[in-house]
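Accompanying notes for the structure given below.
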Amino acid sequence: MDVTLHLAQDPDADELLGRSPLAALVGMLLDQQIPMEWAFKGPSTIANRLGTRDLDAHGIAAYDPEEFAALLTEKPAVHRYPGSMAQRIQQLCQYLVEHYDGDPSAVWEGVDSGRELLKRLQELPGFGKQKAQIFLALLGKQLGVRPEGWAEAAGAYGEPGSHRSVADITGPESLALVRAHKQELKAAAKAAKAAKK
């Protein structure tokens, strides 16, 4: 895995995401309740604070939980909820150590079908169906991981030419289109809620 991603809109953070499967997974895990760029810059911030060039599942899994939480809480915090996210990242790394010998790329390498890959992603701590589908679409669209039926398993996120999620961000223009799509969804949900009253 060595591609150029543009999810953090920060060259160093994006470089790490493009070469580190664990950084990409952690960025996806952090991508909730904060701006996408902030979430995907998180892995780089964590690596810098650990004093390493990359993230290591074994190292993070074994890290003292209070110290790891303090690392994420340090200003600027890695997430709006750094304590609970520190716990989730450690749970993810512990799962990867237990099930994949700490190698995150083993989650998708050698998988025969998109359905099987989606199942594996959904088994990861912190990955519900939607997050798993978005990450599956990112793997297929930008990272060259395309088992048979991957686009169908990713649902609407796998559609070519769509601008629904981080899987579709390749630069500032597509980021703006994805953000506009999310705002449209929020507005529609708000209107539907108001109509029910």
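The values are calculated or read from the model by the stated rules, or taken from the named source; none is laboratory data. Everything quoted here is computed from the prediction, not taken from an experiment. So basically every Cβ, Gly included, is an ideal-geometry build from the backbone, and we count neighbours across all protein chains shown. Side chains are part of the model used for accessible areas, which takes the heavy atoms of the whole protein and leaves out ligands, DNA and RNA. Shrake-Rupley method; radii C 1.70, N 1.55, O 1.52, S 1.80 Å.
Distant-in-sequence amide contacts of residue 148, defined by a placed amide H-H separation under 5 Å and a gap of 5 or more residues or a different chain, comprise 114. Here residue 75 is the anchor, and the lysines within straight C-alpha reach of less than 25 Å, apart from those fewer than 8 places off in the same chain, are 41. The residue 156 and residue 4 beta-carbon pair, evaluated with R₀ = 35 Å, returns a calculated FRET efficiency of approximately 0.90. Net charge dipole, segment 125-194: roughly 400 debye, given to the nearest 20, about the Cα centre with Cβ charges of +1 for Lys and Arg and -1 for Asp and Glu.
Straight-line reach from residue 197: which lysines have a Cα under 18 Å away, not including same-chain ones fewer than 8 places off? Correct list for residue 197: 186. Per residue, the accessible area of the chain comes to 50 Å², computed with a 1.4 Å probe over protein heavy atoms only. For the chain, the spread of Cα coordinates along the three principal axes comes to 48, 40, 34 Å, biggest extent given first.
Rolling a 1.4 Å probe over the protein heavy atoms of segment 124-185, with every protein chain left in place, gives an accessible area that is 53 percent carbon and sulfur. Here the extension length gained between residue 177 and residue 34 equals 49.7 nm, from 0.36 nm per residue of separation less the Cα-Cα distance.
Straight-distance candidates among the lysines for linking to residue 182, with alpha-carbon spacing under 17 Å and chain neighbours fewer than 8 residues away dropped: 131, 190, 193.
Considering only 124, 160, 189, and ranking their Cα positions along the charge dipole of segment 100-194 that arises from unit charges at the beta-carbon of Lys, Arg, Asp and Glu, the one farthest toward the positive end is 189.
Using 0.36 nm per residue and subtracting the Cα-Cα separation, the extra length available between residue 170 and residue 53 on full extension is 39.8 nm. With a Förster radius of 35 Å applied to the beta-carbon distance between residue 70 and residue 115, the computed FRET efficiency rounds to 0.30.
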